[in-house]
Amino acid sequence: MPTLIAPSLLAADFANLQRDSEMLNKSEADWFHIDIMDGVFVPNISFGMPALKAIAKHATKPLDVHLMIVNPDQYIETFAELGSAVLTVHYEACDHLHRTLQKIKSCGMKAGVALNPHTPITVLESIIKDVDVVCLMSVNPGFGGQSFIEETYTKVRTLKTLIREKESATLIEIDGGVTNKNAKQLINAGADVLVAGSYVFGAEDPIQTIAGLKEI
C-alpha cells in the first residue's frame with residue numbers, strides 16, 4: 001500500500017487552524033495528526049477537546065489523535081464523540097493496555113499504541129495482533145522540531161519482523177523529525193505512515209512538500 005502522510009498540526013499556526021486545516025484538505029495528506037498533551041505525561045500542553053472539536057469541523061480527512069496523557073482510558077469515549085478515526089495511547093501510560101485497546105475499538109476507532117524512544121519493541125509481542133497502528137516516537141515526545149533519533153530505523157525493522165511473524169495487519173507510524181532526508185530510508189525499513197510537522201508547516205509551500213513526501 002502507498003505510504004500515508006499525516007501532517008502534525010502541532011506545528012500549524014494555532015491562530016489559523018481553520019486555514020491550515022483547509023490547506024491539508026486540498027493537499028495529498030492522508031490523515032490529520034493531532035497531539036493531545038497534558039503537561040504531566042509530557043512536559044508540554046497542546047490541543048485539548050475544544051481545539052479538536054474545532055479542527056474536526058473543517059477536516060475532511062481522518063483524524064489521527066495521539067494521546068500523550070496520563071489515564072487515557074477516562075477520555076476514550078469523548079475522543080470518539082469528537083470524531084477521532086485513530087486513537088493512539090502510549091504504552092508507558094497504560095496499566096491495562098489490552099483493555100484500553102478493546103475499549104478504543106468498541107467505540108468504533110482504530111487502536112494505536114505509541115512507544116517512546118527508550119521502550120523496546122518486545123513489549124508488544126503478546127498484543128501486536130490487537131493493535132491497528134504502532135506509533136514509534138523518533139524524538140522524545142513533548143515538543144515539535146526535534147532532531148530525528150537514528151536508532152529508529154532499527155526499531156522499525158524489528159517491529160516489521162514481529163508484525164510478519166505474528167501475521168498481523170498493524171501499520172507502522174513514525175512520529176518526529178521526519179523529512180525528505182529520512183523518509184525513503186524509513187519506508188524501506190517498513191514504515192507505513194509518516195508524521196511530519198515542522199517539515200510541512202515550516203515549508204514555503206506545504207502542499208508541494210506533502211506531495212514530495214507522497215512521491216518518495
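Each reported figure results from applying straightforward, stated rules to the coordinates on display, with no laboratory input. Since this is a predicted model, take the numbers as computed values, not measurements. No Cβ is skipped: glycine too gets one built from the backbone with ideal geometry, and neighbour counts run over all protein chains shown.
Results, tabulated for the structure shown:
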| quantity | calculated |
| --- | --- |
| The chain - Kirkwood radius from inverse mean 1/r over Cα pairs (Å) | 17.0 Å |
| Binned Cα-Cα distance frequencies in region 19-103 - 5 Å width, integer % | 3, 14, 26, 24, 17, 10, 5, 1 |
| Three-way shape call for region 122-189 based on the alpha-carbon gyration tensor, with the a/c threshold at 1.5 | prolate |
| Contour minus Cα-Cα distance for R157 and N180 (0.36 nm per residue) | 6.4 nm |
| Paramagnetic reach from Q18 (point 7 Å along Cα→Cβ, amide N under 16 Å) across region 37-77 | 51-60 |
| Integer Hz, Karplus 6.51/-1.76/1.60 couplings in order for region 127-140, x for Gly and Pro | 10, 4, 6, 8, 9, 7, 9, 9, 9, 8, 6, 9, 9, 6 |
| Among F14, F201, F79, residue whose mean-square fluctuation peaks in a GNM of the chain (springs only between Cα atoms under 10 Å) | F14 |
| Highest-fluctuation residue, H33, H90, H118 considered, GNM on the chain with Cα pairs under 10 Å | H118 |
